[in-house]
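Novice: One structure, pasted below without further comment.
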Amino acid sequence: MSSSSILVTDASGGTPPPATTPEPARFVVHAWTPGPRGLAVVTQLAVLGALLHFAAQLWTDAFEGTQRMQPVPIAIGLVLRVILPLAFVSALRRGCRATVDVDTHQWTLTLRGGARMEVPFEAVATLRPWRLPLPGPGLALRMRSGRAFSHALEVEDAVPLLNALSQHGAPGAAQAHTLVRYAQARHALWRRRWYHLAAKFVLFPLVPTAILFYSYQVISFGGPLAEYKMYGLEAYLRSFGRYYAPVSLCMLLFACVWRVVAEGASLLAAWLLPAWARGVRRAAEWGCRLVYYVGILALIGARFMV
C-alpha cells in the first residue's frame with residue numbers, strides 16, 4: 001500500500017476532525033495618508049506652541065509679580081488655539097480608524113469606509129517607527145518595489161503588532177527601538193480617559209479655589225457666607241467664578257509644562273536607559289501627579305505663611 005493511501009484515525013477509530021484555520025490576529029490602528037497626517041502634525045505643533053506661549057506668560061507674571069494674564073482672554077485663546085484644533089485632530093483621527101488582521105500568509109488593512117488592502121508578507125521590505133511620533137506613535141512601511149505604502153499606521157503600542165508580524169517572518173522595526181519602547185511605556189502608564197481629565201482639570205481646581213475664596217470672604221466680608229447674605233446667591237457665585245476661572249486656567253498650564261518635562265524624560269530614558277524606560281515613565285507620571293495635586297496646595301499654603 002502506498003503511503004498516499006494511508007488513512008490516519010484517532011484512538012476511538014473515527015476520522016480526526018479537519019484542522020481548523022486559526023483566527024487572524026486583529027489590531028486597531030489609525031491609517032494615515034501623507035496629507036491628513038501632515039495637517040494633524042502641523043496642528044498639534046501649533047497647539048504645543050500656544051500652550052508654551054501661555055505658560056511663559058504665566059511664568060512671567062509669577063516671577064515679576066504682575067497680573068497681565070486675564071482669565072477671559074486666556075480662556076478665549078485656549079478655546080481658539082488649543083481646544084478647537086485638538087478637536088479637529090480628533091475628527092481626523094476618527095476618520096482614519098482602521099484594523100489590521102495578521103493572517104498566516106498576509107496582513108489585511110481594513111479602512112473605516114470598508115476598503116481592504118491585502119499585503120503579502122514578502123511584499124514588505126522594511127517596517128520602521130515614525131521619526132516624529134505625531135499625531136501619535138506609528139509605523140511606516142516600505143515595499144520591496146521601493147515605494148512607500150500608501151498608508152502609515154498609527155498604533156499606540158506597536159509591540160504586539162510587531163510580534164505578530166515577526167512570527168511569519170515579516171521584516172519589521174526591532175521591538176527594542178527607542179520610539180517603540182517609549183510608546184509602549186506611554187500606552188501602559190499614561191491615563192488619558194475623559195473622566196481622568198475631568199477630575200483633574202474641572203473638579204480638583206475647586207479645592208484651591210475654595211481655599212482662596214474662603215480667605216477672601218472672611219477678609220472682605222467677615223465670614224464664609226457673608227457676601228451671600230448681603231448681596232444674594234448670584235453675586236456670591238459670580239465672586240466664586242472670578243476665583244475659579246484663573247485658578248483652573250493656571251493649573252491647566254502648570255500641568256502642561258510638567259507634561260512636556262515628563263515626556264522629554266521618558267523619551268530620553270527610552271533612548272539612553274532602555275531597561276529603565278518603564279520605570280522612568282512610572283516615576284515621571286507619579287512626579288506629575290505629586291507636583292499637580294500636592295505641589296499646588298503647598299504653594300498656596302506657603303503663600304498664607306508669608
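The values are calculated or read from the model by the stated rules, or taken from the named source; none is laboratory data. Note that the structure is predicted; figures quoted are calculated from it, not measured. In this analysis, Cβ positions are derived from the backbone assuming ideal geometry, glycine residues included, and neighbour counts consider all displayed protein chains. Accessible surface areas use protein heavy atoms only, side chains included; no ligands, DNA or RNA. Shrake-Rupley method; radii C 1.70, N 1.55, O 1.52, S 1.80 Å.
Novice: Of the conditions (1) over 19 Å from residue 125 (Cα atoms); (2) assigned to a helix (DSSP H, G or I); (3) open to solvent by less than 40 Å² (accessible area, probe 1.4 Å), residue 207 clears all except one; give me its number.
Specialist: (3)
Novice: Evaluate the following for residue 191: is it at pLDDT below 85 and closer than 30 Å to residue 275 by Cα? Steps first, answer last, please.
Specialist: Values: at pLDDT below 85: yes; closer than 30 Å to residue 275 by Cα: yes.
So residue 191 passes the test.
Novice: Looking at residue 249, is it buried (at least 17 other Cβ atoms within 10 Å of the Cβ) and either in contact with a strand residue (DSSP E or B) (Cβ under 8 Å, 6 or more places away or on another chain) or not in a helix (DSSP H, G or I) (or both)?
Specialist: Against the criterion (buried (at least 17 other Cβ atoms within 10 Å of the Cβ) and either in contact with a strand residue (DSSP E or B) (Cβ under 8 Å, 6 or more places away or on another chain) or not in a helix (DSSP H, G or I) (or both)), residue 249 does not qualify.
Novice: Filter segment 120-171 down to the residues that are in a loop (DSSP other than H, G, I, E, B) and polar (S, T, N, Q), then identify the one that is most open to solvent (accessible area, probe 1.4 Å). Can you show your working first?
Specialist: Looking only at segment 120-171, we keep the residues that are in a loop (DSSP other than H, G, I, E, B), and these are 130-137, 144-147, 149-151, 155-158, 167-171.
In the following step, the residues that additionally are polar (S, T, N, Q) were identified as 145, 150, 167.
On the way: 145: 84, 150: 60, 167: 149 Å².
Among those that are in a loop (DSSP other than H, G, I, E, B) and polar (S, T, N, Q), it is 167.
Novice: All but one of (1) in contact with a helix residue (DSSP H, G or I) (Cβ under 8 Å, 6 or more places away or on another chain); (2) surrounded by 12 or more Cβ atoms within 10 Å (Cβ to Cβ); (3) in a helix (DSSP H, G or I) hold for residue 220; which doesn't?
Specialist: Only one criterion in (1) in contact with a helix residue (DSSP H, G or I) (Cβ under 8 Å, 6 or more places away or on another chain); (2) surrounded by 12 or more Cβ atoms within 10 Å (Cβ to Cβ); (3) in a helix (DSSP H, G or I) is unmet by residue 220, namely (2).
Novice: Also, quick follow-up: For segment 102-160, give me each residue that is of a type in the set (S, T, N, Q), over 30 Å from residue 189 (Cβ atoms) and without any contact (Cβ under 8 Å) to a residue 60 or more places away in the chain.
Specialist: Once the filter is applied, which keeps residues that are of a type in the set (S, T, N, Q), over 30 Å from residue 189 (Cβ atoms) and without any contact (Cβ under 8 Å) to a residue 60 or more places away in the chain, segment 102-160 yields 106, 145.
Novice: Further question on the same structure: Which residues, counting only those in segment 172-204, are in a loop (DSSP other than H, G, I, E, B) and open to solvent by less than 40 Å² (accessible area, probe 1.4 Å)?
Specialist: 173, 204
Novice: Taking the criterion of being among the hydroxyl-bearing types (Ser, Thr, Tyr), buried (at least 17 other Cβ atoms within 10 Å of the Cβ), in a helix (DSSP H, G or I) and without any contact (Cβ under 8 Å) to a residue 40 or more places away in the chain, would at least one residue in segment 231-239 satisfy it?
Specialist: There is at least one residue in segment 231-239 that is among the hydroxyl-bearing types (Ser, Thr, Tyr), buried (at least 17 other Cβ atoms within 10 Å of the Cβ), in a helix (DSSP H, G or I) and without any contact (Cβ under 8 Å) to a residue 40 or more places away in the chain.
Novice: Can you find, within segment 1-27, the residue that is farthest from residue 112 (Cα to Cα) among those that are at pLDDT 85 or above and open to solvent by less than 80 Å² (accessible area, probe 1.4 Å)?
Specialist: This residue is 25.
Novice: Would you say residue 27 is among the aromatic types (Phe, Trp, Tyr), under 15 Å from residue 153 (Cβ atoms) and touching a residue at least 24 places away in the same chain (Cβ under 8 Å)?
Specialist: Yes; evaluated as a whole, the condition is true for this residue.
Novice: Looking only at segment 96-119, count how many residues are surrounded by fewer than 14 Cβ atoms within 10 Å (Cβ to Cβ) and of a type outside the set (Lys, Arg).
Specialist: The total comes to 6.
Novice: Another question, if that's okay. Give the residue, chosen from 303, 278, 282, 289, that is over 19 Å from residue 190 (Cβ atoms) and open to solvent by 20 Å² or more (accessible area, probe 1.4 Å).
Specialist: Going through 303, 278, 282, 289 in turn, just one is over 19 Å from residue 190 (Cβ atoms) and open to solvent by 20 Å² or more (accessible area, probe 1.4 Å): 303.
Novice: In segment 73-82, what count of residues is obtained for those that are open to solvent by less than 100 Å² (accessible area, probe 1.4 Å) and without any contact (Cβ under 8 Å) to a residue 12 or more places away in the chain?
Specialist: Count: 3.
Residue by residue, here is whether (1) among the hydroxyl-bearing types (Ser, Thr, Tyr); (2) touching a strand residue (DSSP E or B) at 6+ places or on another chain (Cβ under 6 Å); (3) over 25 Å from residue 50 (Cα atoms) holds:
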position: 210; (1), (2), (3): no, no, yes
position: 260; (1), (2), (3): no, no, no
position: 284; (1), (2), (3): no, no, no
position: 292; (1), (2), (3): yes, no, no
position: 300; (1), (2), (3): no, no, yes
